[in-house]
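First comes the structure, then the notes that go with it.
Each value in this text was obtained by applying a stated rule to the coordinates, not by laboratory testing. Keep in mind it's a predicted model, so treat the numbers as computed, not measured. Neighbour counts run over all protein chains shown; Cβ positions are idealised from the backbone, glycine included.
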Amino acid sequence: KGTHVPSKVLNNLVHFLAPYEQAVDELKLKLKGIKYGFQKSGRYSPIEFVVGRVKKVESLLNKAKEKGIDFSDEQWPQKVAQEVNDIAGLRVVCRYVDDVREVQQLLQEREDIVVHDIKDYIATPKPSGYRSIHMIVSYTVYHGSEKITLFCEIQIRTLGMNFWATNEHELRYKYAGNIPKDVLQQLNEASVITHQLDVLMNSLRQEILTPPPVDLSLEEQLEEI
Ligand code: 0O2
């Protein structure tokens, strides 16, 4: 919609995005591997679900333009790969805030991804009320005969933060970025309530992870006396 892009540029874009598609596929599988690993060994998984996407062309061209990179620029691919870090985006959604921190820790310890930057929008939410951890990492794919290292963005957030962000994103899209004041006010309130819910639920996590009191048989109770 809107932007007219010459077909030669579009062809180059498809080629440019291919390794990012591969990175998203591989990382999605690897992040899901964390969840399955916990589950297979009968442990509580800090990950509820994982999703991933490659940035839509329209959105990519707009973001590049915002950063002063026009698609007519010969150096477009190199500059965009360097400047736009969320072309490959993964999202890990957790139940509790402590799980978010656990996943963050697990990812920081891995050897297959290199963490370049962490934006902690949980400690410091965006003015919109948005909360999440954004990790900018580099990841290497073996694509055809090439070895390519790319930037990827991994977002980690709770189910509550995800619920809020999904609604806010849709409203921002609906109003083309100009959300009316009263709706913004409601979103802000929803963000505060979501945070309160996250804090409350996080204390339930302690309950869940503490084993239930042992129900001793009558014989065992007698032995304990
Ligand atoms: P798409 O393509 O539709 O998924 P920056 O340093 O500003 O470049 P930052 O702070 O990581 O980078 O955030 P940026 O680039 O503004 O946004 C990256 C992604 O984070 C967004 O993708 C959203 O998924 C999420 N995000 C950031 N801020 C908000 C927010 O206020 N509300 C919501 N709902 N999501 C947010 P896009 O831009 O939607 O791209």
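Here are the numbers for the structure shown:
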item	result
Any hit, the range 171-180, residues being under 20 Å from the mean Cα position of the chain (by Cα) and exposed (fewer than 12 other Cβ atoms within 10 Å of the Cβ)	yes
Residue that is more than 11 Å from the ligand (Cβ to nearest atom) and touching a His at 6+ places or on another chain (Cβ under 8 Å), where the choices are Ser72, Ser145, Ser138	Ser138
Selection from the range 110-128 of residues that are more than 14 Å from the ligand (Cβ to nearest atom) and basic (Lys, Arg)	Arg110
Qualifying position, being touching a residue at least 24 places away in the same chain (Cβ under 8 Å), surrounded by 17 or more Cβ atoms within 10 Å (Cβ to Cβ) and away from the ligand (no atom under 14 Å from the Cβ), among Leu90, Leu13	Leu13
Test result for Tyr96, closer than 21 Å to Asp198 by Cβ, more than 15 Å from the ligand (Cβ to nearest atom) and loosely packed, with under 14 Cβ neighbours inside 10 Å	no
Among (1) at positive phi; (2) away from the ligand (no atom under 14 Å from the Cβ), the one test that Gly177 misses	(2)
Answer residue from the range 16-56, given it is small (Gly, Ala, Ser) and within 16 Å of the ligand (Cβ to nearest atom) and is surrounded by the most Cβ atoms within 10 Å (Cβ to Cβ) among those	Ala23
Checking Arg131 against (1) out of contact with any helix residue (DSSP H, G or I) (no Cβ under 6 Å at 6 or more places or on another chain); (2) within 16 Å of the ligand (Cβ to nearest atom); (3) part of a loop (DSSP other than H, G, I, E, B); (4) under 30 Å from Ile208 (Cα atoms), the condition it does not meet	(1)
Test: Glu26 is under 22 Å from Val141 (Cβ atoms), part of a helix (DSSP H, G or I) and touching a residue at least 24 places away in the same chain (Cβ under 8 Å)	yes
Only listed residue being surrounded by 12 or more Cβ atoms within 10 Å (Cβ to Cβ), small (Gly, Ala, Ser) and without any contact (Cβ under 8 Å) to a residue 12 or more places away in the chain, chosen from Ser7, Ser59	Ser59
Helices (runs of 4 or more DSSP H) contained in the range 139-225 and holding at least 3 residues in contact (Cβ under 8 Å) with a residue 12 or more places away in the chain	159-174, 181-209
